[in-house]
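Below: one structure, written as structure tokens.
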């Protein structure tokens, strides 16, 4: 049995928005999904039992995303285990002394690295994207010079950064996300990685949620989200971190970095280091 699939690389938010829109039209596709590929990019994919109506997809994408999207489609063989096939290309990531791997790579784990087992899921963060691997490097560098006591991970996704911190510190990490699915996945991954006792995963928007403010002030905050939300969070983050606190901010295009730096400078938080990975900037800042 064969069926057709249609796919397109997008941002995480775009991919999930398009999935929601497609699933509201029962005549457009059998199902739709958003997932992170081997390059750490987000892909929208829809499966159809006949040749996809590319024009209908284009119109819907234009309406939902506000611009033209050129989709591609192909016929796939249903006899092939496509999940296993896709996982074959998802190689382990080594960054900052961490070894991030999936279940399909659990037979050759280096003993000299901090292992983190994360399978690709409906949340951001398998370690493959430059923003995540860059954060792991920044975390490693920060922990060599500082032993934080109160730690917050905003936009935790799969929980990979919170788990990395928990494994190195054996301390409680508050891991927040606006997506309840991400919170669920974070809890599952924390259990798999045997750090459940250190991970407090909560559904929260921004940095002024009661569970977040009650545990303030923080001396380490990690946020791998997007530039615009990071700028909007600057004021609230400035209120919940103490003097000397380190901030690791990511999800920022190189061209957006100066704007984010400026927003935090207004809160007395200055740039210590800028890590560039591809087109992305990872910022390490300190509250003065």
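Only the coordinates and a few stated rules stand behind these numbers; no lab work does. Since this is a predicted model, take the numbers as computed values, not measurements. Here the Cβ is made from the backbone with ideal geometry for all residues, glycine too, and neighbour counts use every protein chain on show.
Taking every DSSP beta bridge with both residues inside region 121-287, roughly what % is antiparallel (nearest 5)?
Values: 15 of 34 bridges.
Of the beta bridges lying entirely in region 121-287, close to 45 percent run antiparallel.
Two decimals is fine: what is log10 I(q)/I(0) at q = 0.12, 0.20 Å⁻¹ for region 121-287, from a Debye sum with one equal scatterer on every Cα and no solvent?
-0.44, -1.39
Can you sort 235, 161, 283 so the residue with the fewest Cβ neighbours within 10 Å comes first? The partial results should precede the final answer.
On the way: 235 14, 161 30, 283 23.
Fewest to most other Cβ atoms nearby, the residues stand as 235, 283, 161.
May I ask for the distance between the Cα centers of region 154-213 and region 217-288, given as a whole number of Å?
Comparing the Cα centres of region 154-213 and region 217-288, I get a distance of 19 Å.
Evaluate the distance, in nm, between pseudo-label points positioned 7 Å from the Cα of residue 41 and of residue 232 along their respective Cα→Cβ axes.
Taking the two extended label points, one gets 2.6 nm.
Express in nm, to one decimal, how much length is gained between residue 25 and residue 105 on full extension, taking 0.36 nm for each residue of separation and deducting their alpha carbon distance.
25.0 nm
Listing 119, 214 from the residue with the fewest other Cβ atoms within 10 Å to the one with the most, what is the order?
214, 119
May I ask you to sort 135, 241, 48 by Cβ crowding, counting other Cβ atoms within 10 Å and putting the fewest first?
48, 241, 135
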